[in-house]
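The structure under discussion appears below in the form of structure tokens.
The values are calculated or read from the model by the stated rules, or taken from the named source; none is laboratory data. Note that the structure is a prediction, hence the values are computed from the model and not measured. With ideal geometry, Cβ positions are generated from the backbone for all residues, glycine too; neighbour counts draw on all protein chains shown. Side chains included, ligands, DNA and RNA excluded: accessible areas come from the protein's heavy atoms. Shrake-Rupley method; radii C 1.70, N 1.55, O 1.52, S 1.80 Å.
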Amino acid sequence: MATEQLNVLKALDVAKTQLYHFKAVVIAGMGFFTDAYDLFCIALVTKLLGRIYYTDPALNEPGHLPANVSAAVNGVALCGTLAGQLFFGWLGDKLGRKSVYGFTLILMVLCSIASGLSFGHEAKGVMGTLCFFRFWLGFGVGGDYPLSATIMSEYANKKTRGTFIAAVFAMQGFGILFGTIVTIIVSSAFRHAFPAPPFYIDAAASIGPEADYVWRIIVMFGTIPAALTYYWRMKMPETARYTALIAGNTKQATSDMSKVLNKEILEENVQGERATGDTWGLFSRQFMKRHGVHLLATTSTWFLLDVAFYSQNLFQKDIFTKIGWIPPAKTMNALEELYRIARAQALIALCGTVPGYWFTVAFIDIIGRFWIQLMGFTMMTIFMLAIAIPYDYLVKPGHHTGFVVLYGLTFFFANFGPNSTTFIVPAEIFPARLRSTCHGISAATGKAGAIIGAFGFLYASQDQKKPDTGYSRGIGMRNSLFVLAGTNFLGLLFSLLVPESKGKSLEELSKENVGDDGIEA
């Protein structure tokens with residue numbers, strides 16, 4: 001049996017772009033701004049943590065995090081994110097998008113502060129509590145993925161829906177950039193207030209007791225933008241598609257959207273989705289028939305993307321050190337090294353990461369999701385090969401500019417490509433009662449890829465002859481880049497399964513206006 005689309009949903013689909021759209025982008029986007037800051041700021045401070053807590057004065061090298069500690073510090077938040085995406089994705093379909101939206105933000109704020117207040121000054125205590133609180137921080141971040149994407153997709157009109165969802169996700173780029181800016185400012189302020197000699201002159205004095213405050217300030221600073229948006233999250237009404245299609249309260253949905261759109265909407269005496277007879281669930285044959293291929297497409301492409309994307313993002317500092325863009329650690333004090341790492345990552349974010357996100361915002365509803373994703377994976381594969389093949393040449397002194405340009409372009413096309421589209425598509429193509437759940441599953445599969453990238457790349461990229469202290473021999477940086485190129489190419493192949501959702505209503509995409517007989521209303 002087929003069903004007509006409800007008047008309130010038709011009104012949302014054809015609504016003109018107005019203030020409430022932009023307000024929703026800012027409210028949801030600031031969550032992603034904070035998400036990115038919290039997830040990626042740890043990559044900026046791991047070398048500083050190694051110096052503070054693991055420097056041995058008897059050795060001739062600055063301290064660094066042991067292999068297992070480094071993997072835990074970098075990867076534990078991703079494990080929490082994966083769990084949060086699954087849990088809050090499911091909860092968003094059970095209790096409502098708005099009902100749990102504020103809780104994720106509170107969890108992020110509290111755990112971000114707690115991470116910066118990790119107990120004591122001994123390595124074991126600090127690292128243990130840091131990892132504990134970053135897991136729960138990641139849990140809250142994970143909830144933001146399915147909830148923000150679903151809320152924005154269900155608020156937007158069908159003409160500019162991709163633009164608005166992409167704009168929410170694009171705030172991630174500003175979050176990454178903001179993290180580098182905060183790190184540059186804080187490290188510069190402390191460097192000038194507390195001058196210290198390089199490590200090779202005085203190992204102990206090169207760190208200084210003040211350095212312990214620096215990483216804590218950086219880690220906690222991300223709470224500010226998140227806390228500022230809590231009030232507005234709580235003021236948002238529940239989405240009409242949840243209220244009408246899942247809760248079955250068409251009257252409430254019509255009333256809420258009439259206020260939001262500032263427009264009179266004809267009320268219908270219909271109990272939403274309950275009147276259609278479609279009650280099949282995630283593990284039903286009907287779901288697999290209609291959306292099984294779609295779920296395979298969104299999970300596989302997000303997984304493959306994140307293997308490459310998080311490998312590159314979390315270990316930029318190691319790559320920059322190995323190509324000589326950042327001087328040897330012993331020639332700098334702890335805060336000088338932190339400053340240089342942040343400056344290098346800021347350049348990549350400013351030239352590649354942020355523009356890539358906003359190119360997607362500009363073109364997503366013109367080019368379409370399918371072609372942007374296909375193009376992004378293609379260009380990522382090409383540029384990764386362009387780095388890997390002449391790698392030995394590019395890392396020689398005088399050739400670093402070529403390396404950085406190619407490296408920056410891979411970030412540009414990741415964000416003007418699958419890093420954005422893998423977030424957008426799952427929020428559009430699944431039915432309302434499973435939309436948040438399916439987005440959470442897709443995102444969690446992506447984070448599984450991120451965990452593989454975070455843990456695997458760290459070990460795989462170790463030199464085949466002289467690995468870093470505490471690590472076994474790997475396949476080397478060059479071969480690791482070839483592996484990432486292959487991963488991107490697989491993502492290209494699986495992208496062929498992704499449906500185009502440009503310009504279509506959510507009900508048309510999810511086939512909620514199509515009955516079991518296959519006839520559209």
Quiz item: Roughly how many percent of the accessible protein surface of the range 285-439 is carbon and sulfur, given a 1.4 Å probe and a whole-percent answer?
Solution: 72
Quiz item: What angle do you read, to the nearest 10 degrees and between 0 and 90, between the alpha-carbon axis of helix 400-415 and the longest principal axis of the chain?
Solution: 20
Quiz item: Roughly how much of K10 is accessible, in Å² to the nearest 10, using a 1.4 Å probe?
Solution: 80
Exercise. Report the accessible area of T279, computed with a 1.4 Å probe over the heavy atoms of all protein chains in place, in Å² rounded to the nearest 10.
Key: 120
Practice problem: Convert each backbone phi in the range 365-380 into a coupling constant with the Karplus relation 6.51 cos²θ - 1.76 cosθ + 1.60 (shift: θ = phi - 60°), then list the ³J(HN,Hα) values in order as whole Hz, x for Gly and Pro. | Solution: 8, 9, 7, x, 5, 4, 6, 5, 5, 4, 4, x, 4, 4, 5, 4
Quiz item: Going by accessible area, probe 1.4 Å, with all protein chains left in place, what is the ranking of W358, W232, W215, largest first?
Solution: W232, W358, W215
Quiz prompt | Rounded accessible area per residue of the range 294-426, 1.4 Å, Å² | solution = 30
Self-check item: Charge context of A204, other residues only, Cβ under 15 angstrom, K/R +1, D/E -1
Solution: -3
Quiz item: Using 7 Å Cα-to-Cβ label points, what is the L228/D56 separation (nm, one decimal)?
Solution: 4.6
Quiz item: Once both axes come from the Cα atoms, what is the angle between helix 123-155 and the longest principal axis of the chain, in degrees from 0 to 90, rounded to 10?
Solution: 30
Practice problem: Starting from the residue with the highest accessible area, list L335, L296 in decreasing order, probe 1.4 Å. | Solution: L296, L335
Self-check item: Percent carbon-and-sulfur accessible area, the range 140-220, ignoring ligands, DNA and RNA, probe 1.4 Å
Solution: 73
Quiz item: Listed highest first by mean packing, meaning other Cβ atoms within 10 Å per residue, what order do 14-20, 127-133 come in?
Solution: 127-133, 14-20
Quiz item: From the backbone phi of the range 421-432, what are the Karplus-calculated ³J(HN,Hα) couplings (6.51 cos²θ - 1.76 cosθ + 1.60, θ = phi - 60°) in whole Hz, Gly and Pro given as x?
Solution: 5, 5, 7, 6, 4, x, 7, 10, 9, 9, x, 4
Practice problem: Heads up, I need the accessible area for I151: 1.4 angstrom probe, whole protein in place, Å², nearest 10. | Solution: 10
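Please say if the range 431-474 is rounded, prolate or oblate, where rounded means a/c under 1.5 for a ≥ b ≥ c the square roots of the C-alpha gyration tensor eigenvalues, and otherwise the choice is prolate for a/b larger than b/c and oblate otherwise? Don't skip to the end; give the middle numbers.
On the way: a/c = 9.07, a/b = 5.95, b/c = 1.53.
Here the range 431-474 falls in the prolate category.
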Practice problem: Any chance you could give the angle, 0 to 90 degrees and rounded to 10, that helix 101-116 forms with the longest Cα principal axis of the chain? | Solution: 10
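Set the Förster radius R0 to 60 Å, insert the Cβ-Cβ distance between K466 and L497 as r into 1/(1 + (r/R0)^6), and round the FRET efficiency to 0.05.
0.90
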Quiz item: In this model, which of K10/K259; K159/K289; K10/K251; K263/K511 are farther than 24 Å apart at the alpha-carbon?
Solution: K159/K289; K263/K511
Quiz item: Would you list L490, L82 from the most to the least accessible area, probe 1.4 Å?
Solution: L490, L82
Quiz item: For the range 188-202, in order, what is each residue's ³J(HN,Hα) by Karplus, 6.51 cos²θ - 1.76 cosθ + 1.60 with θ = phi - 60°, in whole Hz (x at glycine and Pro)?
Solution: 5, 4, 6, 4, 6, 6, 10, x, 9, x, x, 4, 5, 8, 8
Exercise. Return the lysines within reach of K47: Cα separation strictly under 16 angstrom, same-chain partners fewer than 8 residues apart disregarded; answer none if there are no such residues.
Key: K317, K322, K330
Practice problem: Return a whole-number percent for the relative contact order of the chain, with Cα pairs under 8 Å and 6 or more residues apart as the contact set. | Solution: 25
